[in-house]
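Take a look at the structure set out below.
Rule-based calculations on the coordinates, nothing more; no lab input. Bear in mind the structure is a predicted one, so any value in this text is a computation, not a measurement. With ideal geometry, Cβ positions are generated from the backbone for all residues, glycine too; neighbour counts draw on all protein chains shown.
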Amino acid sequence: MTSDARIDQYTRDLSRSLKGLPKGEREDIVAEIAAHLEYRDGEGKLDIALADLGSAAHCAQSYRDALLVEIAVMDQGPIITLGTLAKLATRRVTALLGLLLASFSTIIAIALAFSAVAELFDPQTVGLWVSPDNPLDFYFGKAGPNTNSEEILGRWYVPVASICAVGFYLISQKIGLFCLKLMLDRTRPLE
Amino acid sequence: MISMKIDSWKSQLRKGAAELAVLSLLDREACSGIGLLDQLTPYHHVGLSDGTLYPLLKRLERDGRIKGEWELREGGGRPIKSYSITDEGRSVACAMRAAWHDFKTDISDIVETET
């Protein structure tokens, strides 16, 4: 295989491994690495340069993890936060824990928001239900047919559930961003 | 076992130092990744290689500490990216140098004092 073919092969593999990054970033990285390899080839050091870079997948990971985390931290949006945690969850325990906790919190937030809306249409069965025997036995939402629990919030259910939904949403965001920031230093180069 | 722990410790030391080294070199003159690697060749304890320099440059660029511009190479070939330090990068480098100097003085005092 000629040097040009080896450089092309490496940069193609690198581009493929960088999938998930914004197109502009990906093209910029690939062009820089291609120029680097071409320059080293001109010095007769292509083999050394390829060995120093490592496999295309390894090289891509140095960029990808750091960039994904940085983009998510800057964006601070819920979808990109959870998406980034999901992408990294298979490789990083922090991301996995963050994803589980943030997803759990998000699901509770969504369920509470739905129940607040449902309360408007079905005020008799939706609410905060508490067992008369055990005040710690409570739940938000729709009462089952055989429950002995009593609804205690009445018309206050909508604002309380809405506030709780926002609270859980914010907690979810905080957890996600906290885990991303924890990873920020660890995903930087020179590991 | 001890070797692994020392390697990990060295890696932590290098993380901050590599950024300072790159910013300091770019503070002297704009340079490509290749140029930086060539300048850093004698300083192998800094730990920057082909595989670690470019992701670091990308991060510094994203942080706004350096600015990259594509330039045509003399004699043809693919364009090469040249980096220059930004005003923000210069301020950061200056603060890092001051912190590094204080750190080095303290650590030298502690580590090199004979008991």
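Here are the numbers:
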item: Unit charges at the beta carbon, dipole of chain A: most positive-side option, A:A57, A:G20, A:I108; result: A:I108
item: Number of partner chain Cβ atoms within 10 Å, mean per residue of A:32-40; result: 6
item: Packing-based ranking, highest mean first, of B:69-80, A:148-159 given that Cβ atoms within 10 Å are counted; result: A:148-159, B:69-80
item: Peptide B:53-65, shielding by other chains (average Cβ, 10 Å cutoff); result: 5
item: Net charge dipole size for the protein assembly as shown [Lys, Arg +1 and Asp, Glu -1 on Cβ; Debye, nearest 20]; result: 440
item: Segment B:26-115: proportion of alpha-carbon pairs further apart than 16 angstrom, %; result: 65
item: Estimated [θ] at 222 nm from DSSP helical runs (n ≥ 4, -39500 (n - 2.57)) normalised by residues in chain B, nearest 500; result: -22000 deg cm²/dmol
item: Positive dipole terminus of the protein assembly as shown, leading residue within A:V73, B:P55, A:A89 (C-beta point charges); result: A:A89
item: Centre separation in Å (Cα based) which lies between segment A:88-164 and segment B:8-47; result: 53
item: Modelled FRET efficiency - R0 22 Å, B:L20 with A:L182, Cβ distances, 0.05 increments; result: 0.45
item: Contour minus Cα-Cα distance for A:V166 and A:I110 (0.36 nm per residue); result: 19.2 nm
item: Per-pair calculated FRET efficiency, R0 = 25 Å: A:W156 and A:D133 via Cβ, rounded to 0.05; result: 0.60
item: Estimated 222 nm signal from helices in chain A, with DSSP H stretches of n ≥ 4 weighted -39500 (n - 2.57), rounded to 500; result: -24000 deg cm²/dmol
item: For residues of B:27-36, the mean tally of beta carbons on other chains within 10 Å; result: 2
item: Above-threshold pairs, the threshold being 21 Å between Cα atoms, out of A:K87/B:K10; A:K181/B:K58; A:K23/A:K181; A:K23/B:K15; result: A:K87/B:K10; A:K23/A:K181; A:K23/B:K15
item: Under 5 Å, built H, 5+ apart or other chain: amide partners of B:W70; result: B:S82
